[in-house]
Every structure is written in structure tokens, then in C-alpha cells.
Amino acid sequence: MVCQRCGAELRFERGRGWVHPGGGTYMWRCDHCQRTGDDYPTPTACPGCGGEVRDDHCVLPVKQTER
């Protein structure tokens, strides 16, 4: 499965469902330094600059098609 929004390879965690590679259900972004991440739990401040982080998108799984 991949995330329809960002194309990241997803994994299934028992009790949490589909998550991004870093374990987060949400991808986050910092509008100040443009850093993004998928950490779990989502940080309260950007690890790069200390700025505010915002949820960018939630996992949206889509099955990969064979080519």
C-alpha cells in the first residue's frame, strides 16, 4: 500500500492501522523552514527550527497496481 497523497510506502501497525514510514498517521510540515515529517507522535514544535508544525495530510492508503 502507498499513500495516495504523498506516495510513501505505508505499513500496517496492529491497533493503529496504516501509518507512514516514520510511524505517523499524519504527515506534518513546518511553514517556517519547509521541513516535513511523519514522526509518531507528531512533534509539538519543528525539530529543525522550533517553529509551529501543522498537519499536512492523513494516511490515505491506495493499493499499488501491477505494471
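Where a number appears in this text, it was derived from the coordinates with a stated rule and is not lab data. Values in this document were obtained by computation on a predicted structure and should not be read as measured data. Every residue, glycine among them, receives a Cβ derived from its backbone with ideal geometry; neighbour counts consider all protein chains shown.
Across segment 43-67, the number of residues qualifying as among the β-branched types (Val, Ile, Thr), in contact (Cβ under 8 Å) with a residue 40 or more places away in the chain and loosely packed, with under 15 Cβ neighbours inside 10 Å comes to 1.
Residues of segment 3-26 that are on the phi > 0 side of the Ramachandran plot and either among the β-branched types (Val, Ile, Thr) or touching a Phe, Trp or Tyr at 6+ places or on another chain (Cβ under 7 Å) (or both): Gly23 alone.
For segment 12-42, the set of residues classified as in a loop (DSSP other than H, G, I, E, B) and surrounded by 14 or more Cβ atoms within 10 Å (Cβ to Cβ) consists of His20, Arg35, Tyr40, Thr42, listed by residue number. Somewhere in segment 47-66, is a residue of a type outside the set (Ser, Thr, Tyr), at positive phi and assigned to a strand (DSSP E or B)? No, segment 47-66 has no match at all.
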